[in-house]
Amino acid sequence: MITSRSDHRPLKAREDSMAKAKISLVLRLLAVGSTAAAIGIMVTSHATAKVLNLSFDARYNNTPAFVYFVVAEAVAGGYSLVSLFLSSKSLFWRAVMMMDVVIAMLPSSSIFATVAIGRVGKKGNNHAGWLPICGQVPKFCDRVIGALIVGFVAAAIYLVLLLCSLHSLFALKP
């Protein structure tokens, strides 16, 4: 078997390790980009409506679930950015893999909370007496849906990243 002088592992194993590192790098960069896009879309979501000579502003920071979405996406993106600078050979890499589990679930929970509130905004709730608002501020609702779609893409990337991390952790070593 061919081995490198500087490393006693077979050359094929080193190439596989480099391929996994490149995949992880690309996934983390995609995750940072998609979380940044989701944050940007949500933060710039606002509209003003006038109903019965009363005007109201619809902004993301009026709803705790939307604020949670922005904070969760920011934490996940920040974590991915920091983890880009850690070597897969460092002592912290096992901690990074454990944090991948937490980070994979954080955007998912924020998306579910935001979808629940978004549904109330779209359909209302007759039992609680909450009226739908998307008829008055459709631009706001469309941007929130766009942020949710991009956030869902980020959550899917984090799930794939988690699966890759787990695969590299539990892969059978020859």
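The values are calculated or read from the model by the stated rules, or taken from the named source; none is laboratory data. Source: prediction; values computed, not measured. Quick reminder, even Gly has a Cβ in these numbers, built from the backbone with ideal geometry, and neighbours come from all protein chains shown. The area values use the complete protein model at the heavy-atom level, side chains included, leaving out ligands, DNA and RNA. Shrake-Rupley method; radii C 1.70, N 1.55, O 1.52, S 1.80 Å.
Taken residue by residue, region 119-126 has at least one member that is part of a helix (DSSP H, G or I), of a type in the set (G, A, S) and either open to solvent by less than 50 Å² (accessible area, probe 1.4 Å) or farther than 16 Å from S45 by Cβ (or both). Between D7, D100, D57, D16, the distinction of being at pLDDT below 90, surrounded by 14 or more Cβ atoms within 10 Å (Cβ to Cβ) and more than 24 Å from the chain's Cα centre (by Cα) belongs to D16 only.
Okay, residues lined up against (1) more than 23 Å from L29 (Cα to Cα); (2) crowded, with 20+ Cβ neighbours inside 10 Å:
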{"site": "Q136", "(1), (2)": "yes, no"}
{"site": "C141", "(1), (2)": "yes, yes"}
{"site": "G146", "(1), (2)": "no, no"}
{"site": "I157", "(1), (2)": "no, yes"}
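Restricting region 24-52 to residues that are loosely packed, with under 14 Cβ neighbours inside 10 Å and hydroxyl-bearing (S, T, Y), the residue that is nearest to the chain's Cα centre (by Cα) is T44. The set of residues from region 82-118 being of a type in the set (F, W, Y) and outside any helix (DSSP H, G or I) comprises F85, F92.
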